[in-house]
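A quick write-up on the structure given underneath.
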Amino acid sequence: MSGPFRVVDGPAGSLRVYTSPSPGSQGAPALFVSHELPLAEGAAPEVGRTFPALADRLSHESGWAVVTATFRGAGASNGDFSIEGWLEDLRFLLDLEVEEATPRWLAGFGLGGALALRVAAEDERVRGVACLGTTSDPSAFAVDPEALLERCRRSGVVRRRDFPPDLERWAIEFAELDPVAAAAALGRRSLLVVHGAEDREVPALAALELADAAIGPVDLRIVPGAGHLLRADPRVVATLMGWLERQR
């Protein structure tokens, strides 16, 4: 997948990145949007295909710069998926795409929301996080590490047969994300939690657990009739837009 993405030299090789320039004033805030983990067979090459259009819409309506990328193993980016690898890619983008003084916010769909929380918990430059369809317990993905790895191979997000070098370590990284602890670590920074009421992959209880952990301002939205894939739901995009407006 190439399309509007450009290629940068990332931590694990070529990384596909898309930045929608802010139509607002110079120094406008920046939103970094992370995608979900693809687990359906053959899904990895398609990850991120709709995200440039989402970035353009958010940027046009908010005046923010919006950055998205396909992390290692996804889309046409090099490498193989791991939690630590995707965290490294997201941290890399925070430094690569905007000037140091630019205010930063993070948003993530599915597992991408848990990544956003973890990075924000470690980086005070991040002023708020939006989680959309995000699990409160990523360790549930890796209860059976061998089965999860096989799903990742079939989706295409893990490509090398000799990866990971340590399966147990690879699986433990899911638990170490700990989104609930990361939500609490945001302190007084802003948190948006959006979840589909009919999500069959991640129960809506996860959204309540993340919101309950927050210390600072939190917006919790359960979207009636919505499932797990939220990025194309106009109600979800409108909710995210409204949250961005309140961050200024």
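The values are calculated or read from the model by the stated rules, or taken from the named source; none is laboratory data. Everything numeric here is computed off the predicted structure, so don't read it as measured data. Here Cβ is always computed from backbone atoms with ideal geometry, including for glycine, and neighbour counts include all displayed protein chains.
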So for the range 191-204 (the condition being closer than 21 Å to G128 by Cβ, modelled with pLDDT of 95 or more and small (G, A, S)), does at least one residue qualify?
no
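Residues of the range 100-132 being part of a loop (DSSP other than H, G, I, E, B) and either touching a helix residue (DSSP H, G or I) at 6+ places or on another chain (Cβ under 6 Å) or under 20 Å from P38 (Cβ atoms) (or both), which ones?
G110
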For the structure I just gave you, tell me whether A226 is under 18 Å from the mean Cα position of the chain (by Cα) and buried (at least 18 other Cβ atoms within 10 Å of the Cβ).
no
Condition first: on the phi > 0 side of the Ramachandran plot, at pLDDT 95 or above and surrounded by 14 or more Cβ atoms within 10 Å (Cβ to Cβ). Can you find one or more residues in the range 141-151 that meet it?
no
Over the range 207-223, the set of residues loosely packed, with under 15 Cβ neighbours inside 10 Å and assigned to a loop (DSSP other than H, G, I, E, B) is I215, G216, P217
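In the set A183, A204, which member is in contact with a strand residue (DSSP E or B) (Cβ under 8 Å, 6 or more places away or on another chain), of a type in the set (A, V, I, L, M) and crowded, with 23+ Cβ neighbours inside 10 Å? Walk me through it before giving the result.
Working: A204 fails: crowded, with 23+ Cβ neighbours inside 10 Å.
Step by step, each of A183, A204 is checked, and only A183 is in contact with a strand residue (DSSP E or B) (Cβ under 8 Å, 6 or more places away or on another chain), of a type in the set (A, V, I, L, M) and crowded, with 23+ Cβ neighbours inside 10 Å.
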Out of all the residues in the range 34-43, is one or more at pLDDT 95 or above, touching a strand residue (DSSP E or B) at 6+ places or on another chain (Cβ under 8 Å) and either more than 24 Å from L230 (Cβ to Cβ) or not acidic (D, E) (or both)?
yes
Note on the range 9-26: residues small (G, A, S) and within 25 Å of R118 (Cα to Cα) are G10, A12, G13, S14, S20
